[in-house]
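One structure below.
A short reminder: the numbers here are calculations on the coordinates, not readings from a lab. This is a predicted model, so every value here is computed, not measured. Note that we place each Cβ from the backbone using ideal geometry, even for glycine, and neighbour counts take in every protein chain shown.
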């Protein structure tokens, strides 16, 4: 590894600024390779020296942050002296990029149904929304089978949205809420109409059900009585005329 004196100091100063920006923007712990890639500096000697300079500078100057190296992963932390302020704000010092992206979807579409946010951000957004609600960035209330999400007061405080912009957002949210309510009523009317139509069709099918064809029983005609058949030997003998005269 090259010594500090052998490094180009002007180049090192520029790389220091790049590394500082990456660490602030990234938020999460990063190793040397990640920092180099994001800063687009592929000379590890310069990146490592820049990290050491930042660690020293933030440790000495009157700043609320200091740079911490844990298991060769670097990250800016709020100094313990100022942690209570961060806690009072109710804002976690670490908010992942994915949570911020979920919050951005909410802010753009507010008020928005939770089911719509999940459709855009997938099921992982359930955890994001729970964290955002806990931190006060959003509020949620029951809305039919889902929940309706609105921005909380801490959203406006944290992002320092001025009164004029806040009014615009509130007005847009109110208009959006009216549109959603009208849409909800329309959907309910459609569901009711479809249910009534289904009941009518079921009734008609029951009425139009063909009756079973009952075939009346046909009485068989009585057959004429057959003459009693006499055996040939059993026929009555004709009376003898001579015997009759006697």
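From least to most packed, judged by other beta carbons within 10 angstrom and beginning with the fewest, 139, 102 follow the order 139, 102. The calculated P(r) of the range 4-86, using every Cα pair and 10 Å bins from 0, goes 18, 52, 25, 5, 0 in percent.
Sorted ascending by nearby beta carbons within 10 Å, beginning with the fewest, 24, 76 become 24, 76.
Just subtract the alpha-carbon distance of residue 31 and residue 185 from 0.36 nm times their residue separation and send over the number in nm, one decimal.
Length gained, residue 31 through residue 185: 50.1 nm.
Determine, from the Cβ-Cβ distance of residue 115 and residue 63 and an R0 of 45 Å, the FRET efficiency 1/(1 + (r/R0)^6), rounded to the nearest 0.05.
Once rounded, the FRET efficiency stands at 0.55.
Pairs of alpha-carbon atoms within less than 8 angstrom and 6+ residues apart define the contacts here; what relative contact order does the range 97-181 have, in percent? Working shown, then result.
Values: 82 pairs, mean separation 24.6, N = 85.
It comes to 29 percent, rounded to a whole number.
Normalised by the number of residues in the range 4-86, the average gap of Cα pairs under 8 Å and 6 or more apart makes the relative contact order 29 percent.
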